[in-house]
Amino acid sequence: MTSGVPKGENCLVDMDSKAGDLFSAEPADAAGSGGVVGNLPLKELDGLWLPKGLSASVAKEWFDRRRASIRPWAGFVDHRKFTKPRNFGELCQRVVRNFDTYNSNYTFIFLGLILYCIISSPMLLIALAVFVGAFYIIHLKSLESKLVVFGKEVTGPHQLGLAGAVSLPVFWLAGAGAAVFWVLGATMFVIGSHAAFRELEGGSEMEELFMEPV
């Protein structure tokens, strides 16, 4: 009775071809999300050193959306459109509506005030450089091996906190607290004044519509 299993030389396996297939095959994760280059995962290289959620593409997308929704600056600062509100109710209506209409313009004014404050204070620039450098070093260390402080692993948000703690003395010397209050105060004054005194889009007819009793 013959068996279906081949015998003798028919059992020989072409090891050369098998070996060729084995070594010619690319690693499954070489180009995938689990691939590794050196000690850094590819997903970390794609986002540089930024943690998840803080990628440059996300920031660029947010910036482009804001820039696309900006109202023309010529109309934004047109002095002919600024009048004194007739009463407190009209003032409130202007503030609410103008915040909704010029939201993106106000956002860029706020960012501009922050940038001006940073540029005008060399010590604040140094403090920010220390913070960014500390965060960069801490993040790189966490990629090489788990970073543990007081028995707890330091994750992404904790890395920002640790970098802030390291650079806190420099921020204190730079007067960061005063700078923050200056930016907030200047923002409230500039944006609040514009929102209160800028006429609503549509002119006085729109204002009279809001003021009309129900």
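The values are calculated or read from the model by the stated rules, or taken from the named source; none is laboratory data. None of these values were measured; they are calculated from a predicted model. Note: ideal-geometry Cβ built from the backbone for every residue, glycine included; neighbour counts use all protein chains shown. The area values use the complete protein model at the heavy-atom level, side chains included, leaving out ligands, DNA and RNA. Shrake-Rupley method; radii C 1.70, N 1.55, O 1.52, S 1.80 Å.
On the given criteria, is residue 114 in a helix (DSSP H, G or I) and open to solvent by 70 Å² or more (accessible area, probe 1.4 Å)?
When the stated conditions are applied, residue 114 does not pass them.
Just name the residue that is modelled with the lowest pLDDT out of those in the stretch 167-214 that are aromatic (Phe, Trp, Tyr) and within 30 Å of residue 80 (Cβ to Cβ).
Among residues in the stretch 167-214 that are aromatic (Phe, Trp, Tyr) and within 30 Å of residue 80 (Cβ to Cβ), the one modelled with the lowest pLDDT is 210.
List the pairs whose first member sits in the stretch 73-95 and is within 19 Å of residue 106 (Cα to Cα), whose second member is part of a helix (DSSP H, G or I) and of a type in the set (A, V, I, L, M), and whose Cβ atoms are under 7 Å apart, counting only residues at least 6 apart or on separate chains?
From the stretch 73-95, the pairs are 91/196; 94/195; 94/196; 95/195; 95/196.
For residues that are hydroxyl-bearing (Ser, Thr, Tyr) and in contact with an Asp or Glu (Cβ under 7 Å, 6 or more places away or on another chain), scanning just the stretch 79-135, find the one that is farthest from residue 193 (Cα to Cα).
The qualifying residue farthest from residue 193 (Cα to Cα) is 101.
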